[in-house]
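Data first, discussion second: the structure below is written as structure tokens.
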Amino acid sequence: MRLDISNRTLYRFDDVVRESQNEVRTCPTSDSRQHLIAYRLSLAPSCRALAFYDYWGTRVDAFGIREPHISMEIVAEAAVETSEAEPRPAPSPWDGLDEPGFRELHLEYLERTPHADWGDRVAEAGMEARVGDDLVATVVGVHDLVRERMKYETGSTHIGINVDKVLSDGHGVCQDFAHLSVSICRSLEIPARYVSGYLFTASDDTGDDVDGDVVDVETHAWFEAAIPGQGWMAMDPTNGHAVGPRHVKIGHGRDYDDVPPLRGSVSGEAGTEVETSVEIRRMDPSHQATVVQPPLTHADMEHQMFQSQQQQQ
């Protein structure tokens, strides 16, 4: 499936910002299930971005705006070809976790992190989810338990809530579903990682396909668990759909803090108003990706007006 994505973020400051430094993680990755066709990042005020891959393998575009500004706009456009969900791994014995080198290779995905720091409640849930001596069935059991215990509620939580409280409260959004699943897997000593991306759907809750070919979304999250000798097994507990052609992966890490869409800092004490929008368009596979000169953005126009006012003073 060919999907074209436009991710736009506009920051408006209520006072002049002297300088800002930013990192953007919005470029889809290429792996066994998807192929990145094209990617472009447009910034306003205009500046040069330095692209590199971080420790976890996610592309990062870092840029600094070193002149006074009152707004900043980031537009990330991508074209991706995705494929059907990969087949479920074959049953895997529990003692595979003790294979030479496996634990060392995945150690960072076994440790506690700020958003995956579990307590007794999550550990007990892990014991409930375990299915005999089969790792694959247990990962499915974790997925099913989270779906059974959690209700999707937009705006009901925020990044930073402890996973035991998330489980106790029984509601959250996709990040909570993913963090809880990761934590339960790790409590069982199954390596697990948090995945950031997009899902072509009108509702993360149901994950259902749409009748048309254009949909407005937000970033989505799911998780992957490592199965000895078989690689990473992807599961989406928010809606129960297989991770397939309508899922677009940006990157993965230990938790959300390793793959935030945008991280930055500003010089000044200005308040901030943020507008975000993500549009995904399902394309005819024969459509060729093209790169055109982007139109003047809102932030470009505001910056030009701001500079003109400064010059007149």
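Taking residue 206, is it assigned to a loop (DSSP other than H, G, I, E, B), in contact (Cβ under 8 Å) with a residue 40 or more places away in the chain and of a type in the set (Val, Ile, Thr)?
Numbers: assigned to a loop (DSSP other than H, G, I, E, B): yes; in contact (Cβ under 8 Å) with a residue 40 or more places away in the chain: no; of a type in the set (Val, Ile, Thr): yes.
Against the criterion (assigned to a loop (DSSP other than H, G, I, E, B), in contact (Cβ under 8 Å) with a residue 40 or more places away in the chain and of a type in the set (Val, Ile, Thr)), residue 206 does not qualify.
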Residue 50 meets each of (1) in contact (Cβ under 8 Å) with a residue 40 or more places away in the chain; (2) closer than 27 Å to residue 272 by Cα; (3) over 16 Å from the mean Cα position of the chain (by Cα) with one exception, condition (1)
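Conditions tested, residue by residue: (1) closer than 30 Å to residue 273 by Cβ; (2) buried (at least 17 other Cβ atoms within 10 Å of the Cβ); (3) free of Cβ contacts under 8 Å to residues at least 40 places away in the same chain; (4) not assigned by TED's automatic domain parsing to the domain that holds residue 218.
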position: 78; (1), (2), (3), (4): yes, yes, no, yes
position: 101; (1), (2), (3), (4): no, no, yes, no
position: 113; (1), (2), (3), (4): no, yes, no, no
position: 122; (1), (2), (3), (4): no, yes, no, no
position: 129; (1), (2), (3), (4): no, yes, no, no
position: 146; (1), (2), (3), (4): no, yes, no, no
position: 156; (1), (2), (3), (4): yes, no, yes, no
position: 166; (1), (2), (3), (4): yes, yes, yes, no
position: 174; (1), (2), (3), (4): yes, yes, no, no
Can you find even one residue in the stretch 74-85 that is modelled with pLDDT of 95 or more and of a type in the set (Asp, Glu)? yes
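Return the residues of the stretch 207-242 that are β-branched (Val, Ile, Thr) and over 16 Å from residue 280 (Cβ atoms); say none if nothing qualifies. Let's see the steps before the verdict.
Of the stretch 207-242, the ones β-branched (Val, Ile, Thr) are 210, 214-215, 217, 219, 227, 238.
Matches in the stretch 207-242: 227, 238.
Does residue 30 fit the bill of being surrounded by fewer than 18 Cβ atoms within 10 Å (Cβ to Cβ) and assigned to a loop (DSSP other than H, G, I, E, B)? Please lay out each step first, then the result.
Numbers: surrounded by fewer than 18 Cβ atoms within 10 Å (Cβ to Cβ): yes; assigned to a loop (DSSP other than H, G, I, E, B): yes.
When the stated conditions are applied, residue 30 passes them.
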Within the bounds of the stretch 37-58, is there any residue that is assigned to a strand (DSSP E or B) and within 19 Å of residue 221 (Cα to Cα)? no
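Which ranges mark the helices (runs of 4 or more DSSP H) fully within the stretch 62-155 that have 2 or more residues being of a type in the set (Lys, Arg)?
Values: elements: 102-105, 120-129, 135-149.
Qualifying helices (runs of 4 or more DSSP H): 135-149.
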Working only within the stretch 12-27, note down all residues that are out of contact with any His (no Cβ under 9 Å at 6 or more places or on another chain) and either surrounded by 20 or more Cβ atoms within 10 Å (Cβ to Cβ) or part of a loop (DSSP other than H, G, I, E, B) (or both). 22, 24, 25, 26, 27
Failed condition for residue 42, given (1) closer than 30 Å to residue 265 by Cβ; (2) surrounded by 20 or more Cβ atoms within 10 Å (Cβ to Cβ): (2)
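The values are calculated or read from the model by the stated rules, or taken from the named source; none is laboratory data. Please read all numbers here as calculations on a predicted model, not as lab measurements. Note: ideal-geometry Cβ built from the backbone for every residue, glycine included; neighbour counts use all protein chains shown.
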